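Notes for the one structure printed next.
The values are calculated or read from the model by the stated rules, or taken from the named source; none is laboratory data. What you are looking at is a predicted structure, and each value in this text was computed from that prediction instead of being measured. Cβ sites come from the backbone with ideal geometry, for glycine too, and all protein chains shown count toward neighbours. What goes into the accessible areas is simple: the full protein's heavy atoms, side chains included, and nothing from ligands, DNA or RNA. Shrake-Rupley method; radii C 1.70, N 1.55, O 1.52, S 1.80 Å.
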Amino acid sequence: LENLQPEIKELAKRLRYEVSVHGKQLGWSEKVARFHFTKNMRRIVTELYIRDNCHPFKATLLLWVQIPMWVCVSLALRNCSVGALGSAVQEQFSSGGALWFTDLTAPDSTWILPVSLGLVNLLVVEV
């Protein structure tokens, strides 16, 4: 989007000139000329977005998927860890595990999982 801004400004300047010339030839009022400029500018910008495949909504699309998914996963993990699903699940979490974390209900005293999760998230954001 940022790379398109100089091109959009140049096209807006050219379109403003063309609309003013046609407006004077056809006797348009200021309001009619502004309407035609806005309509044609919107069309030109949409064509540029299609040409370069960079619609602004695409930048927010990830948020509309990622935030609800994060909330649902967080609530599911909370329900599993506090035993809201029953004591059988709580017992499975306390006896299951691997490597240095054998009890999944106990906090990680080594901080390996939280730090590795933070580093992986940082890596994803940077990439």
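Here are the numbers for the structure shown:
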| item | result |
| --- | --- |
| Within the stretch 75-127, considering residues that are among the β-branched types (Val, Ile, Thr) and under 32 Å from the mean Cα position of the chain (by Cα), the one modelled with the lowest pLDDT | VAL82 |
| From THR46, THR60, residue being surrounded by 11 or more Cβ atoms within 10 Å (Cβ to Cβ), of a type in the set (S, T, N, Q) and assigned to a helix (DSSP H, G or I) | THR46 |
| Which listed residue, of TRP28, TRP70, is under 30 Å from THR105 (Cβ atoms) and among the aromatic types (Phe, Trp, Tyr) | TRP70 |
| Close pairs from the stretch 102-118: first open to solvent by 80 Å² or more (accessible area, probe 1.4 Å) and part of a loop (DSSP other than H, G, I, E, B), partner at pLDDT below 80 and not small (Gly, Ala, Ser), Cβ under 7 Å, at least 6 apart | LEU104/PHE93 |
| Meets criteria (within 27 Å of the chain's Cα centre (by Cα), at negative phi and either open to solvent by 80 Å² or more (accessible area, probe 1.4 Å) or among the charged types (D, E, K, R) (or both)) for PRO68 | no |
| Lone qualifier among CYS72, CYS54 - being hydrophobic (A, V, I, L, M, F, W, C), within 30 Å of ASN121 (Cβ to Cβ) and assigned to a loop (DSSP other than H, G, I, E, B) | CYS54 |
| Inter-residue pairs, beta-carbon under 8 Å, first assigned by the TED database to the domain that holds THR105 and β-branched (Val, Ile, Thr) and in the stretch 76-94, second surrounded by 12 or more Cβ atoms within 10 Å (Cβ to Cβ) and at pLDDT 70 or above, 6+ apart | VAL89/CYS80 |
| Of residues in the stretch 1-34 being under 28 Å from LYS58 (Cα atoms) and open to solvent by 100 Å² or more (accessible area, probe 1.4 Å), the one modelled with the lowest pLDDT | GLU2 |
